[in-house]
Structure formats: structure tokens, C-alpha cells
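K.L.:
Sharing a structure, written as C-alpha cells. Questions coming.
The values are calculated or read from the model by the stated rules, or taken from the named source; none is laboratory data. Since the structure is predicted, the reported quantities are computational estimates derived from the model, not experimental observations. Here Cβ is always computed from backbone atoms with ideal geometry, including for glycine, and neighbour counts include all displayed protein chains.
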Amino acid sequence: MKYLLLLIVLALVFFLLGVKRARPPARPPQARPPAPPAPQNMVSCMQCGLHLPRDESLPGRGGVFCSAGHRQAYELEHGGPT
């Protein structure tokens, strides 16, 4: 009877240790993730039609452009400064 009781106690100890190892460790609560950036206004290049964010566009006579080369080409085609 003593051995049976000892065997049950040992089995219970091993079971509890196994359950502790199998459970993932508790993590502290995390702060909310940062809010996604606000959507940007999109514009299209007057020369080639490429859509790009307004922050990355180059203003020029007649609209906005994706590069300085397209701005220059458009202004030459449409009577801009020489």
C-alpha cells in the first residue's frame, strides 16, 4: 500500500511538471500596435500618366510630374520656358 501511494504521488508530480513545461510562458500585456499611416493623395504624372503619392511628385507648369525629365519634356512640348 505504501508503494502504491508513493507511485501515485510521483506520477502526480511528473504530470504537474509536464503540464508546466507544455504551457507557453505568460507574456505581459503589450501596448496597442501603432496606427497605420494615413492614406496619401495620389496624383498622375502629366507626361506619362504614372500614379504616385503627392509627396513624391514634382510640381511644374501644367501639373505634377514623376521626374524632372518628364517635367522638362512636358514644358517644352506645351510651350513652356525655353
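K.L.:
When you look at Arg54, is it charged (D, E, K, R), in contact with an Asp or Glu (Cβ under 6 Å, 6 or more places away or on another chain) and at pLDDT below 95, yes or no? So that I can check it myself, show each step before the final result.
P.N.:
On the way: charged (D, E, K, R): yes; in contact with an Asp or Glu (Cβ under 6 Å, 6 or more places away or on another chain): no; at pLDDT below 95: yes.
So Arg54 does not fit the description; no.
K.L.:
Just need a number here: residues in the stretch 24-82 that are surrounded by fewer than 10 Cβ atoms within 10 Å (Cβ to Cβ) and β-branched (Val, Ile, Thr).
P.N.:
1
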